[in-house]
Amino acid sequence: MTREKLEDLLRDELCAEESAPIRAHLRTCPECRAEQRVCESLTEAIQRGCKEKAPAQLRDAILAQLQGS
Ligand SMILES: [Zn+2]
């Protein structure tokens, strides 16, 4: 499972056919669920802070913060 896929899923950019196996995997994989939560927080933080597409730098900064690094 890649972060990219999780982000696509969270942005609802995947069709049902694509998202079904990912959702099924999330149900069985605690690691990916944890990753999904990070992605969700990231997505929310970006949406709060910036209505437009977040610059890569901002994204990285928020992500680093969420991961406690
Ligand atoms: Zn997984």
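Considering the chain, the qualifying helices (runs of 4 or more DSSP H), each wholly inside and each with 1 or more residues that are open to solvent by less than 80 Å² (accessible area, probe 1.4 Å) and within 16 Å of the ligand (Cβ to nearest atom), run over 3-10, 16-28, 30-49. Does SER41 satisfy the criteria of being in contact with a Leu (Cβ under 7 Å, 6 or more places away or on another chain) and either free of Cβ contacts under 8 Å to residues at least 24 places away in the same chain or among the acidic types (Asp, Glu) (or both)? Here the answer is no, as SER41 does not meet what is asked.
The values are calculated or read from the model by the stated rules, or taken from the named source; none is laboratory data. Computed from a predicted model, the values in this text were never measured in an experiment. In this analysis, Cβ positions are derived from the backbone assuming ideal geometry, glycine residues included, and neighbour counts consider all displayed protein chains. The area values use the complete protein model at the heavy-atom level, side chains included, leaving out ligands, DNA and RNA. Shrake-Rupley method; radii C 1.70, N 1.55, O 1.52, S 1.80 Å.
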